[in-house]
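Have a look at the structure below, then the notes.
Values quoted throughout were computed directly from the atomic coordinates according to the rules given, and no laboratory measurement underlies them. Quick caveat: nothing in here was measured; it's all calculated off a predicted structure. All Cβ positions, glycine included, derive from the backbone under ideal geometry; neighbour counts span all protein chains shown.
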Amino acid sequence: MKSALLKTLLIVTGLVITGTALAQGVTKTVTTNAIKIEDAYTRATVPGQQVAGGFMKIENKGSVVDQLLSASSPVAGEVQLHEMSMDGNVMKMRQVKDIAVPAGGAVELKPGGLHLMFMNIKAPLTAGESVPIKLKFAKAGEVEVKMTVNAMGAAAGHGGVTKH
Ligand SMILES: [Cu+2]
């Protein structure tokens with residue numbers, strides 16, 4: 001996993017970043033040819049907290065299905081793709097290989113469902129700042145987004161989860 005991540009980072013370095021610099025504190029929208037990212041956010045963390053969820057709406061305006069394959073961010077050792085679901089009364093989380101974005105449709109990464117998971121966070125995420133994240137799609141390629149860091153406990157679901 002580590003070497004795959006490194007490889008991704010190396011590939012990314014050679015590419016032109018398509019996302020524009022965005023001001024903080026506003027709704028962030030990034031559009032490539034087909035993929036549009038809206039309302040990307042994560043949540044503030046406390047010192048020592050290693051994980052945080054990442055959420056956004058991914059729209060696919062293209063005529064073919066696309067897949068989110070991986071994500072990376074300088075603030076975390078690794079960013080995984082996760083799915084959360086209820087198993088009886090127990091909320092369970094598992095890593096998924098990819099997240100499909102239907103042609104002409106959208107997928108929402110949200111608390112309690114599909115989400116990104118920042119792992120091994122290097123320094124606490126502070127409310128109000130924004131965190132760069134690079135998404136890699138099978139067809140659209142690399143998309144860079146800035147995620148707003150919302151205040152802690154803005155929504156239930158992920159904050160209390162420590163088991164991965
Ligand atoms: Cu997760």
Separation of the Q49 and E129 label points, Cα + 7 Å toward Cβ, nm: 1.3 nm
Spacing of the two label points (7 Å from each Cα toward its C-beta) at N120 and N150, in nm: 2.8 nm
When the convex hull of its Cα atoms is projected in every direction, mean area for the range 36-150 (nm²): 7.1 nm²
Cα gyration tensor shape of the range 47-109, rounded if a/c is under 1.5, else prolate or oblate by comparing a/b with b/c: oblate
Coil-residue trypsin sites (Lys or Arg not before Pro) of the range 67-153, DSSP, other Cβ within 10 Å capped at 10: K97
Separation of alpha-carbon centers, the range 87-106 and the range 35-67, rounded to whole Å: 12 Å
Lys, Arg +1 and Asp, Glu -1 on Cβ, resulting dipole of the range 36-150 about Cα centre, debye, nearest 20: 80 debye
